[in-house]
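Written below as C-alpha cells is the structure these notes are about.
The values are calculated or read from the model by the stated rules, or taken from the named source; none is laboratory data. In this text, all values refer to a predicted model and were calculated from it rather than measured experimentally. The area values use the complete protein model at the heavy-atom level, side chains included, leaving out ligands, DNA and RNA. Shrake-Rupley method; radii C 1.70, N 1.55, O 1.52, S 1.80 Å.
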Amino acid sequence: MLKSDAPPGPEIIIALAGPLVNVLIALALYPFVSTEMYLSDSPSLSLTDRFLAALFIVNIALPLFNLIPA
C-alpha cells in the first residue's frame, strides 16, 4: 500500500459521492413508487411499476451495503 501525504478531504468526498447519488435517485423515485409496488409481487403490476419498485429498492440497499466496513 502506498503512503500519501495528501489530505484525506478529496478521498472522503469521492467515497461519499456514490452512496449519496443512490440516496438522491431513491428520493427522486419515491413519489412514483407506492408501498404496494415494492411490498407485493402482484402480477397485476405493470412491467414499468415492477422496474421502478426494483430500482427504488436497489438504490436504498446499495448505500446500506456500502456502510459495511471493508
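Data for the structure
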item: Translational D in µm²/s for the chain (Stokes-Einstein at 20 °C, 1.002 mPa s, Kirkwood Rh from C-alpha pairs); result: 151
item: Residues of the chain: accessible area per residue with a 1.4 Å probe, Å²; result: 83
item: Percentage relative contact order, the chain, counting C-alpha pairs under 8 Å, at least six apart; result: 41
item: Nearest-10 value in Å² for the accessible area of residue 25, using the 1.4 Å probe; result: 70
item: Mean residue ellipticity (222 nm) of the chain, computed from DSSP H runs ≥ 4 via -39,500 (n - 2.57), nearest 500; result: -21500 deg cm²/dmol
item: Within a Gaussian network of the chain (alpha carbon springs, distance under 10 Å), most fluctuating of 39, 16, 24; result: 39
